[in-house]
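Asks: First, the structure itself, so that you have it in front of you.
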């Protein structure tokens, strides 16, 4: 059973269209959703979470129709849209105290262990946490309610290389047991090289390719090229110099 | 689930200024004053909470939680109701003190802080909720514009209510502060409460429908 099955998701905006987006995330895998800025990554994540009302398509999560079982499904997912840039003037303790009440499976002991592991000081305000720390805090919240699917929108953007490396290692560790999966959008392809098992490439609102990382590379890359080389070669647009002058 | 969201509203969304404004019932002690300024401040407290939520990106925090968009609205409406009713409840002792300090009909500006005043204040809150909540949840972003627009019917209501106490016949009846008059004004309080409940309920239902359709 797939953790997540997105089928023919459509959404039309005045200047942008999401067209028949379909992909699946299997247990124990990390799916990287890549695409240029404006390719539809965030819209896809928002649509599949019902934050945006899709015009068509279906989302199945843990074998259930997500839209019909939204609250039940949300008990088992961890969502990070951007970094934890909400309630930045509130202490970690205050935000956790509110958050934990929403989850039936909240494990306080596990949360304490994760805070210690990530060296997060509960007395700090969220704005006092570094960007990397904020993502780790969000991960701690998600893992403490035993989220089986983590949906992360550009979690590594704006992080230094060391923090990104730490996080990608963490992601690998999170799915290791085969019971959890991660879907994360990014345009930092080097992070995907390190941890993604699967890749879905979005291009102008449509899925250009959704495959295993090896399959994706085999399909597109010239010998020895990196994922970034492939991404750039597929997406790069040349401009007519004359128009710029 | 609404209880959990209400707890979130109290812990994270409630702005300190809104708490302060619930104490503005003390303004009922001011001689010769438009006492509707006190409930007006309570609406300003609601505005502060909505601003606080927006500036702290509450929608993105709440969207990640296992709650529906409709429940998000219900939690916020509950916060509004709590602030409005708290303001009136805390104003009651000041009203009792005020009518003892100022003799019957002492307020030459407008209504005295009597039973009718509380009923009409409830109606004021109902009008505010009915206007503000659907206006805001149409976009879930435009707090200032929604608040300013909602002030139009509220201001008209306040002007009309204050003019009414100067109208011969109904004016003295509405403005009286003696004990028998309070009993006679009871229907105004009950009617105000009923209209408040009805308008707020309609506002919440409309706001839920509108927010459901908003693409975040």
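The values are calculated or read from the model by the stated rules, or taken from the named source; none is laboratory data. Predicted, not measured: the structure shown is a model, and the values here were computed from it. Note: ideal-geometry Cβ built from the backbone for every residue, glycine included; neighbour counts use all protein chains shown.
Asks: Just checking, how many residues over the range A:39-58 are in contact with a helix residue (DSSP H, G or I) (Cβ under 6 Å, 6 or more places away or on another chain) and over 18 Å from residue B:65 (Cα atoms)?
Replies: 1
Asks: Would you confirm, using the coordinates I've provided, whether residue A:54 is without any contact (Cβ under 8 Å) to a residue 60 or more places away in the chain, part of a loop (DSSP other than H, G, I, E, B) and either crowded, with 22+ Cβ neighbours inside 10 Å or within 19 Å of the chain's Cα centre (by Cα) (or both)?
Replies: yes
Asks: Report, by residue number, each residue of the range A:25-51 that is within 14 Å of another protein chain (Cβ to nearest Cβ) and either surrounded by fewer than 22 Cβ atoms within 10 Å (Cβ to Cβ) or within 29 Å of residue A:230 (Cα to Cα) (or both).
Replies: As a first pass, look at the range A:25-51 and keep what is within 14 Å of another protein chain (Cβ to nearest Cβ): A:40, A:42-51.
Selection gives A:40, A:42, A:43, A:44, A:45, A:46, A:47, A:48, A:50, A:51.
Asks: Tally time: how many residues in the range A:67-83 are part of a loop (DSSP other than H, G, I, E, B) and either modelled with pLDDT under 90 or over 12 Å from residue B:66 (Cα atoms) (or both)?
Replies: The initial filter retains those residues of the range A:67-83 that are part of a loop (DSSP other than H, G, I, E, B), namely A:67-69, A:75-76, A:82-83.
Retained after the next criterion (residues that are either modelled with pLDDT under 90 or over 12 Å from residue B:66 (Cα atoms) (or both)): A:67-68, A:82-83.
Summing the residues that are part of a loop (DSSP other than H, G, I, E, B) and either modelled with pLDDT under 90 or over 12 Å from residue B:66 (Cα atoms) (or both) in the range A:67-83 gives 4.
Asks: Any residue at all in the range B:173-188 that is surrounded by 14 or more Cβ atoms within 10 Å (Cβ to Cβ), at pLDDT 95 or above and not in a loop (DSSP other than H, G, I, E, B)?
Replies: Taking every residue of the range B:173-188 in turn, at least one turns out to be surrounded by 14 or more Cβ atoms within 10 Å (Cβ to Cβ), at pLDDT 95 or above and not in a loop (DSSP other than H, G, I, E, B).
Asks: Can residue B:70 be described as within 14 Å of chain A (Cβ to nearest Cβ), without any contact (Cβ under 8 Å) to a residue 60 or more places away in the chain and part of a helix (DSSP H, G or I)? If you could, list the steps in order and put the result at the bottom.
Replies: Values: within 14 Å of chain A (Cβ to nearest Cβ): yes; without any contact (Cβ under 8 Å) to a residue 60 or more places away in the chain: no; part of a helix (DSSP H, G or I): yes.
So residue B:70 does not fit the description; no.
Asks: Can you go through A:102, A:86 and tell me which one is modelled with pLDDT under 90 and either facing chain B (nearest Cβ under 9 Å) or on the phi > 0 side of the Ramachandran plot (or both)?
Replies: When all the criteria are applied, what remains is A:86.
Asks: Just wondering, is there one or more residues in the range B:198-208 that are in a helix (DSSP H, G or I), free of Cβ contacts under 8 Å to residues at least 24 places away in the same chain and exposed (fewer than 15 other Cβ atoms within 10 Å of the Cβ)? Don't jump to the end; show me each part of the working.
Replies: Pass one, the range B:198-208, residues in a helix (DSSP H, G or I): B:198-208.
If we keep only those that are free of Cβ contacts under 8 Å to residues at least 24 places away in the same chain too, we end up with B:201, B:205.
Going one step further and asking which of them are exposed (fewer than 15 other Cβ atoms within 10 Å of the Cβ), we end up with B:201.
Looking through the range B:198-208, at least one residue is in a helix (DSSP H, G or I), free of Cβ contacts under 8 Å to residues at least 24 places away in the same chain and exposed (fewer than 15 other Cβ atoms within 10 Å of the Cβ).
Asks: Kindly indicate the residue of the range A:61-79 that is facing chain B (nearest Cβ under 7 Å) and touching a residue at least 60 places away in the same chain (Cβ under 8 Å) and also farthest from residue A:131 (Cα to Cα) among those meeting that condition. Break it down stepwise before answering.
Replies: To start, the set of residues in the range A:61-79 that are facing chain B (nearest Cβ under 7 Å) comprises A:70-71, A:74-75, A:79.
After this cut, where a residue has to be touching a residue at least 60 places away in the same chain (Cβ under 8 Å) as well, the list is A:75, A:79.
Working: A:75: 25, A:79: 16 Å.
Step by step, filter the range A:61-79, then rank; the result is A:75.
Asks: For residue A:179, indicate whether it is away from chain B (no Cβ under 14 Å), in contact with a helix residue (DSSP H, G or I) (Cβ under 8 Å, 6 or more places away or on another chain) and surrounded by fewer than 19 Cβ atoms within 10 Å (Cβ to Cβ).
Replies: Numbers: away from chain B (no Cβ under 14 Å): yes; in contact with a helix residue (DSSP H, G or I) (Cβ under 8 Å, 6 or more places away or on another chain): no; surrounded by fewer than 19 Cβ atoms within 10 Å (Cβ to Cβ): yes.
The answer is no for residue A:179.
Asks: Could you grab me the full set of residues in the range B:1-21 that are at pLDDT below 95 and more than 21 Å from residue A:91 (Cβ to Cβ)?
Replies: B:1, B:2, B:3 - these are the residues of the range B:1-21 that are at pLDDT below 95 and more than 21 Å from residue A:91 (Cβ to Cβ).
Asks: Do we find a residue being facing chain B (nearest Cβ under 9 Å) and either outside any strand (DSSP E or B) or surrounded by fewer than 20 Cβ atoms within 10 Å (Cβ to Cβ) (or both) anywhere in the range A:5-23? Let's see the steps before the verdict.
Replies: Taking the range A:5-23 and keeping what is facing chain B (nearest Cβ under 9 Å), we get A:11, A:13.
Adding the requirement that they be either outside any strand (DSSP E or B) or surrounded by fewer than 20 Cβ atoms within 10 Å (Cβ to Cβ) (or both) leaves A:13.
Scanning the range A:5-23, I find at least one residue that is facing chain B (nearest Cβ under 9 Å) and either outside any strand (DSSP E or B) or surrounded by fewer than 20 Cβ atoms within 10 Å (Cβ to Cβ) (or both), so the answer is yes.
Condition check ((1) over 30 Å from residue B:61 (Cα atoms); (2) in a helix (DSSP H, G or I); (3) touching a strand residue (DSSP E or B) at 6+ places or on another chain (Cβ under 6 Å)) across all residues:
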site	(1), (2), (3)
B:77	no, yes, no
B:80	no, yes, no
B:84	no, yes, no
B:88	yes, yes, no
B:109	yes, no, no
B:117	yes, yes, no
B:132	no, yes, no
